Ligand code: ADP
């Protein structure tokens, strides 16, 4: 449904989009994720025909956005970050205005009523847009994107500024729309893509750095597995034994205790499964394993790994990464990742 090949957009010396290629099939809900300044809005604006590309191919439903802009644009509904709403119009006036602007030929009353029902604004059709809550205004913005029944809907940061209840409602609405539309959701909120999307595209500094089904992302970053293991035994000896198990790249004792067991954080090489070896090594020494938990990788963790790898010439070694996660528990790891995210976001904002 959407094909982008070798897309480039330069602003002077800055490459806002740098040789990006991907395809999106009909009916997919795809998240476009990246830190601020990554190039997401630029890509959305090129896809929707608001901006021209420096070079590359952009096709929607087989129509080139450059050569057949009207045919391509008819297939796309767009909710920009700042929806183009007129506060002095009623919802009804605004939707009728949008209907005419788009040159829509569907039965007007029936179509607009259906759109209002889908986004649940039928009860406010007679009200001034300026008098509506932010959540309702966002729904009106989505309604204008749906006028003309486009096959593709593009949302740019659709939940920014909404309260938690409104966020859940808008995400549910996006999921519902995804049942019979192709949806692109551009966001910097990781939880949003996790909640809504089938596939995730990650952009960083204008480049596409990941294009994976959500569940495959961890493989994409060649993530090593992290385990939290509780073992009864003399801790220095247990630690030495853990480090000697083939596939283990890092191990440390955590502060946590469980009766006479100590907790250990163990990092393994990508693809290594140490469980059997771990069992027999510990059993041979008479040390009981009383807990084993795969810490996994949160989307935050994967995102930071990808952004790190694609931003810096080198990345910290597994050992160093292990050392940084001294608290070892999931909560502490997530806290560290969250503060790293905040630091990165503010760095990006400063550099903007
Ligand atoms: P995102 O939507 O991911 O935050 P943008 O697409 O808005 O990123 O911006 C990508 C890069 O292009 C940023 O470095 C931004 O400063 C730059 N940029 C965006 N629009 C313009 C413009 N009109 N002129 C110059 N630089 C721009």
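What follows draws every value from the coordinates through simple rules; no lab data is involved. If you're wondering where the values come from, they're calculated on a predicted model, not measured in any experiment. Don't worry about glycine lacking a Cβ; one is built from the backbone with ideal geometry, like all the others, and counts go over all protein chains shown.
Tabulated values for the structure
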quantity: Principal axis dimensions, region 1-84 - Cα atoms, whole angstrom, descending; calculated: 32, 25, 25
quantity: Over region 69-164, relative contact order from alpha-carbon pairs under 8 Å, at least 6 apart, %; calculated: 51 percent
quantity: Fully extended contour minus Cα-Cα distance, from residue 107 to residue 290, at 0.36 nm per residue; calculated: 59.2 nm
quantity: Protection-proxy order for peptides 19-25, 55-61, each taking the mean of Cβ atoms within 10 Å per residue, highest first; calculated: 55-61, 19-25
quantity: FRET efficiency, residue 5 to residue 309 (Cβ-Cβ, R0 30 Å, nearest 0.05); calculated: 0.80
quantity: Length-normalised contact order of region 1-88 in % [C-alpha pairs under 8 Å, at least 6 apart]; calculated: 30 percent
quantity: Calculated FRET value between residue 88 and residue 51, using beta carbons and R₀ = 22 Å, to 0.05; calculated: 0.20
quantity: Using a Förster distance of 51 Å, the FRET efficiency for residue 180-residue 279 (Cβ separation, nearest 0.05); calculated: 0.55
quantity: For peptides 68-76, 39-47, sequence by mean Cβ density within 10 Å, most packed first; calculated: 39-47, 68-76
quantity: Theoretical gain in end-to-end length, residue 114 to residue 235 [0.36 nm per residue, Cα-Cα removed]; calculated: 36.9 nm
quantity: Between region 1-65 and region 74-111, the Cα center-to-center distance that results, in Å; calculated: 24 Å
quantity: Spin-label pair residue 25/residue 172, simplified geometry with 7 Å Cα→Cβ offset, distance in nm; calculated: 2.9 nm
